[in-house]
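See below for the structure under consideration.
The values are calculated or read from the model by the stated rules, or taken from the named source; none is laboratory data. Everything quoted here is computed from the prediction, not taken from an experiment. Neighbour counts run over all protein chains shown; Cβ positions are idealised from the backbone, glycine included.
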Ligand SMILES: Cc1cc2nc3c(=O)[nH]c(=O)nc-3n(C[C@H](O)[C@H](O)[C@H](O)COP(=O)(O)OP(=O)(O)OC[C@H]3O[C@@H](n4cnc5c(N)ncnc54)[C@H](O)[C@@H]3O)c2cc1C
């Protein structure tokens, strides 16, 4: 049964949250893998699952449909990501309305990356929104949505300094955001610094750390490059030592993630958000290693 409290309320209650990120697949086969993962994840009774968003017609329709199906046909609470990319205010209003009609009441308000490439200048749609903080305001103005935002322990690549990210988080809270989820990172100190710096700017909303268990070294290097996060050299050396043995890489990935999760939880993190890449095995093993339980079937 889904809770009637909003996700913002649940996260602020001090209850530890455990959640997973899924991405809408582009093919029917990918959708089958996704649903298998959804059912495995459901057995873990997470606090929520988030579903990423890519701009563009058919991807967008599939995303809204899948997120709605998760809301209606599972016991999971979906959080729909939404970006400002390539959309006017009116189009964004339309998508928010579609989510509401699908029974989705929690959204992650994001700006998105420049469609012209990562290292190019962000230019908003002529009739659209400049920053994620504007989308937070738009979503909140349209209904009783609970809204989350992105946070960057190592700083957003476009930010001039780390304090800017902390200030922006406080602005997002003022605009109505109730929680944040971080970009993936590997050094717990970066997360702790962000939380402290954001608090100094008056940002008290829960900031949930995003964890990606390493299952494949070249994949993680691609992700860290895309997100601007660092893959620390000592960690890279440990993975290099077992690079020829995929099972050993997965085992080490689970061990590294579990150690990081323990440190985060004992340091007071409000929960853990796992980047699953639509595959649940490593995440379930991290769950077991943390003593959080495993699926009963
Ligand atoms: C948890 C998480 C989930 C994500 N999910 C998706 C997804 O589903 N789809 C997708 O396409 N991308 C996703 N992203 C990537 C995200 O869209 C990019 O990282 C994007 O570049 C920044 O998004 P943002 O919401 O932080 O933008 P913003 O908050 O707008 O920040 C972008 C830059 O502008 C600066 N800034 C923000 N507000 C102001 C202001 N008012 N004045 C001056 N400067 C400002 C910030 O400091 C930062 O440097 C996700 C990222 C995270 C961490």
* Out of all the residues in region 13-47, which are assigned to a loop (DSSP other than H, G, I, E, B) and within 13 Å of residue 63 (Cα to Cα)? -> 23, 24, 25, 26, 27
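Rundown of residues vs (1) touching a residue at least 12 places away in the same chain (Cβ under 8 Å); (2) surrounded by fewer than 17 Cβ atoms within 10 Å (Cβ to Cβ); (3) farther than 30 Å from residue 268 by Cβ, yes/no style:
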site	(1), (2), (3)
10	yes, no, no
19	yes, no, no
25	yes, no, yes
29	no, yes, yes
32	no, yes, yes
37	yes, no, no
44	yes, no, no
49	yes, no, no
58	no, yes, yes
* Among the residues of region 128-157, which ones are part of a helix (DSSP H, G or I) and touching a strand residue (DSSP E or B) at 6+ places or on another chain (Cβ under 7 Å)? -> 132, 135, 136, 139, 140
* Asked: If we keep just the residues of region 40-60 that are under 19 Å from the mean Cα position of the chain (by Cα) and more than 14 Å from the ligand (Cβ to nearest atom), which is nearest to residue 73 (Cα to Cα)?
  -> 42
* Within region 158-167, how many residues turn out to be near the ligand (Cβ under 6 Å from one of its atoms) and in a loop (DSSP other than H, G, I, E, B)? -> 2
* Please work out which one of (1) on the phi < 0 side of the Ramachandran plot; (2) surrounded by fewer than 17 Cβ atoms within 10 Å (Cβ to Cβ); (3) in contact with a helix residue (DSSP H, G or I) (Cβ under 6 Å, 6 or more places away or on another chain) is the condition residue 141 fails and give its number. => (3)
* **Flag for residue 72 being more than 16 Å from the ligand (Cβ to nearest atom), closer than 14 Å to residue 100 by Cα and out of contact with any strand residue (DSSP E or B) (no Cβ under 9 Å at 6 or more places or on another chain)** => yes
* Of all residues in region 178-196, which are under 19 Å from residue 14 (Cβ atoms) and more than 14 Å from the ligand (Cβ to nearest atom)? -> 178, 192, 195, 196
* Identify, by number, the condition in (1) within 20 Å of residue 136 (Cβ to Cβ); (2) modelled with pLDDT under 90 that residue 19 doesn't meet. => (2)
* Within region 197-207, identify whether any single residue is at pLDDT 95 or above, within 11 Å of the ligand (Cβ to nearest atom) and crowded, with 22+ Cβ neighbours inside 10 Å, and answer yes or no. => yes
* Would you check if residue 113 is on the phi < 0 side of the Ramachandran plot, modelled with pLDDT under 95, surrounded by fewer than 21 Cβ atoms within 10 Å (Cβ to Cβ) and not in a strand (DSSP E or B)? => yes
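Residue-wise test of (1) within 9 Å of the ligand (Cβ to nearest atom); (2) modelled with pLDDT of 95 or more; (3) surrounded by fewer than 16 Cβ atoms within 10 Å (Cβ to Cβ).
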position	(1), (2), (3)
92	no, yes, no
106	no, yes, no
109	yes, yes, no
121	no, no, yes
128	no, yes, no
169	yes, yes, no
173	no, yes, no
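For every residue, the table says whether it meets (1) without any contact (Cβ under 8 Å) to a residue 24 or more places away in the chain; (2) away from the ligand (no atom under 16 Å from the Cβ); (3) loosely packed, with under 15 Cβ neighbours inside 10 Å; (4) more than 17 Å from the chain's Cα centre (by Cα).
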{"site": "210", "(1), (2), (3), (4)": "no, no, no, no"}
{"site": "215", "(1), (2), (3), (4)": "no, yes, no, yes"}
{"site": "221", "(1), (2), (3), (4)": "yes, yes, yes, yes"}
{"site": "245", "(1), (2), (3), (4)": "yes, yes, yes, yes"}
